[in-house]
Structures are given as C-alpha cells and as structure tokens.
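K.L.:
Just dropping this structure here.
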Amino acid sequence: MTFRSVLFWLHLASGLVAGLVIALLCATGTLLSFEKQLVAWAERDARQIAPPAAAATRLTGEELQARFRTAHPTAKVTSLVFSSDPHAAVAFTVDRAGTFYVNPYTGEARQPATRAMANFMRGTTELHRYLGFSGPESRPRGKLITGICNLAFFVLAVTGLYLWMPRTWSWRAVQPVIWFRQNATTKARDFNWHTTIGFWCAPVLIVLTLTAVPISFRWGGELLYTLTGTPLPASGPQSSGAQPPAATVPAAPADTPRVSPDRLVAEAQRLLPAWQTLTLRIPGAATQPVVLTVREHGSWPRTALTTLQFDPFTAQLLRRDGHAELNAARQVRGWTRFLHTGEALGWIGQLVAGLACLGGCFLVYTGFALSWRRFFGQKSAAPTDAAL
C-alpha cells in the first residue's frame, strides 16, 4: 500500500467516523461567526438611541445611576459599559435581571423587546461546545466528543490538502482542483466540489481546528506554556481573559470619601484616548480597587483589552494590564482564542472563518456522497474520480 493510499483511507475513515459531528460544528460555527453583531442588531431597539439634539448634554455616570436606582430600586448593578459611539446606550449589567440599556441623555432604561436572537445564539453555542449536553456531569462528555472530532477535522484538512493536489502539474490537472466546472455526472460534480472547496477552505480550517485545541483540552493549554517556555501556574493554564491580581489599595482615613465614577472614567479616557468601549465594574467593598476594562480602536489583536485598577479614594492608577503585559503563553492564547472565531482580525477574519465553516458543511456532504457511491454505488468510476 502506497503512502497516498494510507492517507486516503485515514482521510476516509476520519470523515465517516466524525463527519456528523463535524457537520454540526461547521453549521454552528457559521452561525456564530457574527454572533455579537447579530445579537446587537436584533436588540438595536434598546441598545441604540435616537440622535440627540445639538444642544443636548450627556448625564454624568452618577446621575445615570441615581435615575436607574429610582426606577429599579431592588436592582444590583455590577458594571456599566460606556461606548464611544454617540448613538449607543450605556449598558447596566444587573444580577439576575440581565442587561438594561440607559439613554445617556434622558436616563431612560430599557431592555430589548425580544431576546430571541440572544437565546438562539446561546443554544447554538451550547451545541457547538457541548453538543447540547447540559449539567456538570454531561457537559465534559460533550466537550470531549467535540474536541476529538475537531482533531479528526484537523486530520481531514491536512490529509485532504495532500490528496487533492494533482499528481501532474498542468492546467488541465489543476483547474478541477482550484475552481468549479461543469460536470457530466453528479459523482463528478461532488468530487469537483469536494476538491475545490477543500482547496480554498482547508488552510483556514487548519487554523480553526488548531486554535480549538487549547479550548477543548487542558493539555492543549499546557502545550502553549511548553512551546513558549513559560512556567505553568500551579492552578493550570490561564486564558488571556483571566483577571489580573487585584491591586492593593493604600489605607485611607475612615471618613475619606470615594471619588466619583465619572472621575475614574475620565482618567481612563485620558490614559487611553483611543478607547472604543469602557467597562466600569462596581467594587463590592471599599478596600477593593475600582477596575475599568478598556477596548481601543485599532488594538492588535482586535480583541485585546487593557485593565486599569484605580485607588477608589484618590483615583491614582494602581495597576495596568494589557496584552503586552501578559506572559508569552497568554499572549498566544489570546490570539488562538479569537483566531478560532476570526474576531482577532476584525470583521474580515470573522467573514473568512464563517465562509470556511460553511465550506466545511459542503465538504461533509460531498464526502459522504462520494463514500456512499464508493461502497454502494456502481463499480465503474468516473474519470474525474481517478485521484481516489
């Protein structure tokens, strides 16, 4: 048996065993590629505000909180999210009640008329990660299955690239591999679709499957530490989004008043003038620092965040943590986490990832169709199927 034959049967077996789960991963991945944008669009009735009058002035953060407390006296606000978009409402995250969107000019608090899109995307995420399993006992099983099938998908993409390459490099041999053509039979059509879609999508699918490994397996996260030469924490691999250690707040006299949230927000905006969104977390105790998380325009990767910790009594910056301050393993994890969704490269990356996932759905269909004909169809092979 030749090396090419070994790869072919490995490719075929991997596809038949894991194909259905791979199809589910690709279908849900296509839907999730623009999850945040779709949810924001569906909830625009609450998230977006009408353009204010030219003379209108924004209410301060304290005024917004005071009006919100008056309207919702039992609500416990845990964070506020400000946006540099003048047409965006201020998001108030509330324990157990979801998120309210407050008009920064009037103080009116609203929630979306429907959460259908958010609920749909949440269910799609559960399918993508855990095959829909729920509960602390069942979820790990679903995650293990998707992780193993993701590795099988990686094998399919790598072996497929080799198998789809023509044995002789001429335009007549290459053309059916790199582009679609008119075919006389459905078998030839499926083979043409399988090779052409695979040729264009496989490089992206290799990236998507590799970047899923640290998400699916603990050993994948540990491998990043090994490859980057970073000491592994005793608690295990940390994601790029793990919160930095809390800064120590210097002792202050008992009667010292806390600085206003507006002053802290203004200080964060001064330190990071290119801010896009700014999240102010409400501290639970007076001895805790006030934490603001900032996303900037033009950050690289596009999902990078900077965390600022301030003294609640003096507004002094106690600690600053950004992508550059992360250790090498967590920096790589930051890239892999959001390369998996394409978000690390902005909407273009999301589009490429979504199209590759959509292509994966066609690869599963055409792969099953070709396999069915191989085992149960007519024995005569179409000329275009000679590469098999």
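The values are calculated or read from the model by the stated rules, or taken from the named source; none is laboratory data. These numbers were taken from a predicted model, which means no experiment stands behind them. In this analysis, Cβ positions are derived from the backbone assuming ideal geometry, glycine residues included, and neighbour counts consider all displayed protein chains.
K.L.:
I'd like to know if region 314-321 contains one or more residues that are at pLDDT below 90, in contact with a strand residue (DSSP E or B) (Cβ under 6 Å, 6 or more places away or on another chain) and not hydroxyl-bearing (S, T, Y). Working first, answer last.
P.N.:
So in region 314-321, the residues at pLDDT below 90 come out as none.
The answer is no; no qualifying residue exists.
K.L.:
Here are the criteria: (1) touching a residue at least 60 places away in the same chain (Cβ under 8 Å); (2) of a type outside the set (S, T, Y); (3) surrounded by 18 or more Cβ atoms within 10 Å (Cβ to Cβ). Tell me which single one R189 does not satisfy.
P.N.:
Result: R189 passes all but (1).
K.L.:
Find the residue count for region 192-237, including only residues that are closer than 23 Å to A344 by Cβ and in a helix (DSSP H, G or I).
P.N.:
Of the residues in region 192-237, 28 are closer than 23 Å to A344 by Cβ and in a helix (DSSP H, G or I).
K.L.:
Can you report the number of residues in region 67-93 which are among the β-branched types (V, I, T) and closer than 13 Å to R281 by Cβ? Full working, then the answer.
P.N.:
Within region 67-93, the subset among the β-branched types (V, I, T) is 70, 74, 77-78, 81, 90, 93.
Then keep just the ones that are closer than 13 Å to R281 by Cβ; that gives 77-78, 81, 93.
Final tally of qualifying residues: 4.
K.L.:
For region 162-191, which residues satisfy the criterion of being part of a helix (DSSP H, G or I) and among the hydrophobic types (A, V, I, L, M, F, W, C)? Give the steps one after another, and end with the answer.
P.N.:
So the first thing to find is which residues in region 162-191 are part of a helix (DSSP H, G or I), and the list is 162-164, 171-178, 186-191.
Those that are part of a helix (DSSP H, G or I) and among the hydrophobic types (A, V, I, L, M, F, W, C): L163, W164, W171, A173, V174, V177, I178, A188, F191.
K.L.:
Is one or more of the residues making up region 244-257 assigned to a loop (DSSP other than H, G, I, E, B), under 29 Å from S84 (Cα atoms) and among the charged types (D, E, K, R)?
P.N.:
Within region 244-257, not a single residue is assigned to a loop (DSSP other than H, G, I, E, B), under 29 Å from S84 (Cα atoms) and among the charged types (D, E, K, R).
K.L.:
Identify, by number, the condition in (1) closer than 30 Å to G15 by Cβ; (2) modelled with pLDDT under 95; (3) surrounded by fewer than 18 Cβ atoms within 10 Å (Cβ to Cβ) that Y365 doesn't meet.
P.N.:
(2)
K.L.:
What tally of residues in region 151-198 results from selecting those that are within 29 Å of the chain's Cα centre (by Cα) and either over 19 Å from W9 (Cα atoms) or not assigned by TED's automatic domain parsing to the domain that holds A23 (or both)? Quick ask: steps written out before the conclusion?
P.N.:
We begin by selecting, within region 151-198, every residue within 29 Å of the chain's Cα centre (by Cα); these are 151-161, 193-198.
Still in the list and also either over 19 Å from W9 (Cα atoms) or not assigned by TED's automatic domain parsing to the domain that holds A23 (or both): 193, 196-197.
Qualifying residue count for the region: 3.
K.L.:
Does Y162 fit the bill of being touching a Ser or Thr at 6+ places or on another chain (Cβ under 9 Å) and hydroxyl-bearing (S, T, Y)? Spell out the reasoning first.
P.N.:
On the way: touching a Ser or Thr at 6+ places or on another chain (Cβ under 9 Å): no; hydroxyl-bearing (S, T, Y): yes.
Against the criterion (touching a Ser or Thr at 6+ places or on another chain (Cβ under 9 Å) and hydroxyl-bearing (S, T, Y)), Y162 does not qualify.
K.L.:
Pick from E63, E137, E126, E108: which is outside the structural domain of I282 (by TED's automatic domain parsing), of a type in the set (D, E) and within 23 Å of the chain's Cα centre (by Cα)?
P.N.:
E126
K.L.:
In this structure, does A285 turn out to be in a loop (DSSP other than H, G, I, E, B), more than 30 Å from A212 (Cα to Cα) and at pLDDT 90 or above?
P.N.:
On the way: in a loop (DSSP other than H, G, I, E, B): yes; more than 30 Å from A212 (Cα to Cα): yes; at pLDDT 90 or above: no.
Considered against the rule, which asks whether it is in a loop (DSSP other than H, G, I, E, B), more than 30 Å from A212 (Cα to Cα) and at pLDDT 90 or above, A285 comes out as no.
K.L.:
Yes or no: region 51-60 includes at least one residue that is outside any strand (DSSP E or B), among the β-branched types (V, I, T), in contact with a helix residue (DSSP H, G or I) (Cβ under 8 Å, 6 or more places away or on another chain) and touching a residue at least 12 places away in the same chain (Cβ under 8 Å). First the steps, then the outcome.
P.N.:
Kept after step one, since they are outside any strand (DSSP E or B), are these residues of region 51-60: 51-60.
Keeping just the survivors that are among the β-branched types (V, I, T) gives 57, 60.
Narrowing further to those that are in contact with a helix residue (DSSP H, G or I) (Cβ under 8 Å, 6 or more places away or on another chain): 60.
With the extra rule that they be touching a residue at least 12 places away in the same chain (Cβ under 8 Å), the set shrinks to 60.
Checked against the condition, which is being outside any strand (DSSP E or B), among the β-branched types (V, I, T), in contact with a helix residue (DSSP H, G or I) (Cβ under 8 Å, 6 or more places away or on another chain) and touching a residue at least 12 places away in the same chain (Cβ under 8 Å), region 51-60 yields at least one hit.
K.L.:
Under 8 Å between Cβ atoms, which residue pairs at least 6 apart in sequence (or on different chains) link something in region 127-140 that is more than 16 Å from F217 (Cα to Cα) with a partner that is surrounded by fewer than 16 Cβ atoms within 10 Å (Cβ to Cβ)?
P.N.:
So the pair list comes out as G132/G123; F133/R141.
K.L.:
Mind listing whichever residues of region 62-77 are over 13 Å from E108 (Cα atoms) and either among the aromatic types (F, W, Y) or surrounded by 13 or more Cβ atoms within 10 Å (Cβ to Cβ) (or both)?
P.N.:
Narrowing region 62-77 to residues over 13 Å from E108 (Cα atoms): 62, 73-77.
The answer is A75, V77.
K.L.:
Select from region 116-149 the residues that are loosely packed, with under 14 Cβ neighbours inside 10 Å and of a type in the set (D, E) and list them in ascending order. If you could, list the steps in order and put the result at the bottom.
P.N.:
Let us first name the residues in region 116-149 that are loosely packed, with under 14 Cβ neighbours inside 10 Å, namely 116, 119, 122-123, 134-138, 140-141.
The one that is loosely packed, with under 14 Cβ neighbours inside 10 Å and of a type in the set (D, E): E137.
K.L.:
Please work out which residue is surrounded by the fewest Cβ atoms within 10 Å (Cβ to Cβ), limiting yourself to region 88-109 and to residues that are farther than 16 Å from L59 by Cα and not polar (S, T, N, Q). Explain how you work it out, then say what you get.
P.N.:
So the first thing to find is which residues in region 88-109 are farther than 16 Å from L59 by Cα, and the list is 93-100.
From what's left, not polar (S, T, N, Q): 94-98, 100.
Values: V94: 19, D95: 9, R96: 6, A97: 14, G98: 12, F100: 22.
Looking at residues that are farther than 16 Å from L59 by Cα and not polar (S, T, N, Q), I get R96.
K.L.:
Given the conditions (1) in contact with a helix residue (DSSP H, G or I) (Cβ under 9 Å, 6 or more places away or on another chain); (2) within 25 Å of A27 (Cα to Cα), which single one is not true for A89?
P.N.:
(2)
K.L.:
Restricting attention to region 165-183, and to residues there that are surrounded by fewer than 19 Cβ atoms within 10 Å (Cβ to Cβ) and touching a residue at least 24 places away in the same chain (Cβ under 8 Å), which single residue is nearest to C361 (Cα to Cα)?
P.N.:
So the residue we want is N183.
K.L.:
A further question on this structure: Within region 106-159, which residues are more than 21 Å from V21 (Cα to Cα) and either outside any loop (DSSP other than H, G, I, E, B) or among the charged types (D, E, K, R) (or both)?
P.N.:
E108, A109, R110, R115, A116, M117, A118, N119
K.L.:
Quick check on region 20-75: of everything there that is of a type in the set (V, I, T) and touching a His at 6+ places or on another chain (Cβ under 8 Å), which residue is modelled with the highest pLDDT? Spell out how you get there, then give the answer.
P.N.:
Going through region 20-75, the residues of a type in the set (V, I, T) turn out to be 21-22, 28, 30, 39, 49, 57, 60, 70, 74.
Retained after the next criterion (residues that are touching a His at 6+ places or on another chain (Cβ under 8 Å)): 28, 49.
On the way: T28: 98, I49: 93.
Of everything passing the filter in region 20-75, T28 is modelled with the highest pLDDT.
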